[in-house]
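In what follows, a structure is listed as structure tokens, so that the remarks can point back to it.
The values are calculated or read from the model by the stated rules, or taken from the named source; none is laboratory data. From a predicted model like this one, the values you see are computed outputs, not experimental measurements. Positions of Cβ are backbone-derived with ideal geometry, glycine not excepted, and every protein chain shown enters the neighbour counts. Just so you know, the surface numbers come from the protein's heavy atoms only, side chains and all, with ligands and any DNA or RNA stripped out. Shrake-Rupley method; radii C 1.70, N 1.55, O 1.52, S 1.80 Å.
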Amino acid sequence: MEEPLKEYEEKKLNSFHIKTMLIAGAGQIVDGYDLTAAALVTTSLMAYFGSSLLTLSTYLFASIISGNIVGALIFGYLAKHGRKRFYGVDAALMTLGALLQAFVSSPSQLVFLRFLLGLGIGADYVLSPLVAAEYSNRKDRGKMLGISGGVMWNVGALISAVVTLTLGYFLPSDILWRAVLALGSVPAISVIIARRRYPETPHYLLFIKRDLKELGERYNVRTFLENVKRVSGISLSVLLLAALSWYLYDIGAYSGVFFGPSVIAQKLGINGVLFELIILAAFSVPWNFVSAMTNDRLGRRKLQAIGFVGMGLTTLLFAFLLGKVSAIVTLLVYGISSIFNSLGPGTIVGFWGVELFPAEIRGVTQGITVLGGRLGVLTTTFLFPILLADFGIFATMITLGVIAIGAAGVSMMLPEPARVSLSKIEVSGLSALREVKAQSEEATK
């Protein structure tokens, strides 16, 4: 039997799918909120701690990203002992880390809490897409992963811009950054109990726990253990390509997240918070949704490659236009780059680790791709301020544009998992993807 969970994976999209998608997405809201909020209150934090941009970047971002790496690797390994068991622990860590930021009095305290927050976010980067994929049906898996991932991340970022802009009218600078950072705990608190109440995923029950009784009771699925065979080995080259694509993406993407409001907006003569609000609301979030709704039909690989090429070309154009045309035109070009970002890798880059590998190691492979992305963020955290200081914004943008175009080539080397059932990949490995591709090409002749 090629698809032991076919009965489940062929179900139509229903309320259970939607609820699990939203609960998974709440963790990404926390990540988008916290990383963006830290960038939006950079000026207030620099004044409070008396730090330079480079030093403050280390406080805010290196600590949280280091936590991401540790959390992704630890919980990626632990996921083989149960998705449900740890799905709530990540939210508790995020809640604690975010909330206690309101009470810090020194940089060392802030570093510790950002690391703790990052630990929970790193765990969620593994667990949320993993369970979203394993709860989904075959035809809508890209929608569920896209909405619970890229869409929700940018919704969190958008919320942080609205909150910062609103509270900025009422709170003094030294209170504002505390309130903004601590409010990142609200979406995390809201899902701790909800996540603990959801059943274990059908893929875990069948392929790891091998509990046919609970599988039948929870999901009304009937199968036999003799139908469940193990795929032998995995493709390390595919795993490395997936991690590399995320690494290259985060180098460019987080340059804008970290320094767009404080550096690029200043060049354009626009308030940093307003800049971020415009980019997210007008360009990023709508196109995240477009990508989520179309990647099942158009394919992950194609959209990610198109997105990278668009990001690269518009970033190069942005470099040449900056300071030579009006702020509106420059902002529009930057916004178009954000559209390509959201259409492509900003929505899709986190899919590969969970879609291309079997259930038993799916947490580990997702953890490794997350590691690739987080290393990209650390590269940006330390390298971007140095490039800006030594070579200026023009050379920095040229570098980012070339990296994005190169990442498109990496994307086209990945196999296409759209509309292929996870249980088929489970028992047949990547040969299942090649088989579907061959059938598709034959049908179009």
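Charges on Cβ only, +1 for Lys and Arg, -1 for Asp and Glu, centred on the Cα centroid of region 1-50; of PHE16, LEU35, MET46, which one is farthest towards the dipole's positive end?
In region 1-50, that residue is MET46.
Could you please put TRP153, TRP287 in sequence from largest to smallest accessible area, using a 1.4 Å probe? Mind dumping the intermediate values first?
Numbers: TRP153 35, TRP287 90 Å².
Final ranking, largest accessible area leading: TRP287, TRP153.
When the scattering of region 1-102 is computed by the Debye formula from its Cα atoms alone, each counted once and equally, what is log10 I(q)/I(0) at q = 0.19 Å⁻¹?
The calculated log intensity ratios at q = 0.19 Å⁻¹ are -1.08.
Taking all pairs of different Cα atoms in region 132-175, averaging 1/r and flipping that mean, what Kirkwood radius in angstroms comes out?
On the way: mean 1/r = 0.0795 Å⁻¹.
Result for region 132-175 stands at 12.6 Å.
What is the diffusion coefficient of region 111-219 in µm²/s, taking the Kirkwood radius over Cα pairs and the Stokes-Einstein relation at 4 °C with a viscosity of 1.567 mPa s? Spell out each step's value before the answer.
Working: Rh = 16.6 Å.
Result for D is 78 µm²/s.
For the Cα atoms of the chain, what angle does the longest principal axis make with the long axis of helix 327-343, in degrees from 0 to 90, nearest 10?
For 327-343 against the chain, the angle is about 20 degrees.
Quick one: helix 300-321 against the long Cα principal axis of the chain, what's the angle to the nearest 10°, folded into 0 to 90?
The angle comes out at about 10 degrees.
For the chain, what does -39500 (n - 2.57) per DSSP helix run (n ≥ 4), summed and divided by total residues, give at 222 nm, in deg cm²/dmol to the nearest 500?
Values: 25 runs with 330 residues, N = 445.
Result for the chain: -23500 deg cm²/dmol, rounded to the nearest 500.
For region 53-130, run through the trypsin sites (Lys or Arg not before Pro) and keep only the ones in DSSP coil with at most 13 other Cβ atoms within 10 Å of their Cβ.
On the way: sites: LYS80, ARG83, LYS84, ARG85, ARG114; in loops: none.
Passing both the DSSP loop test and the Cβ count: no residue.
Would you list SER291, SER428 from the most to the least accessible area, probe 1.4 Å?
Final ranking, largest accessible area leading: SER428, SER291.
Using the alpha carbons of the chain, what is the convex hull volume per residue in cubic angstrom, as a whole number?
127 Å³
Sorting check: for 292-302, 351-361, which peptide has the highest mean count of neighbouring beta carbons within 10 Å, and how do the rest follow? Write out the running numbers ahead of the final one.
Details: 292-302: 18.9, 351-361: 24.6.
Final packing ranking: 351-361, 292-302.
With the contact rule set at Cα under 8 Å and sequence spacing of 6 or more, what percent relative contact order holds for region 305-371?
Numbers: 50 pairs, mean separation 22.6, N = 67.
Normalised by residue count, the contact order of region 305-371 is 34 percent.
Which angle from 0 to 90°, rounded to the nearest 10, does the C-alpha axis of helix 63-78 make with the longest principal axis of the chain?
It works out to around 10 degrees.
Positive end of the charge dipole of region 99-148 (Lys, Arg +1 and Asp, Glu -1 on Cβ, about the Cα centre): tell me which of ALA133, SER105, LEU119 has its Cα farthest that way.
Toward the positive end, the furthest listed residue is ALA133.
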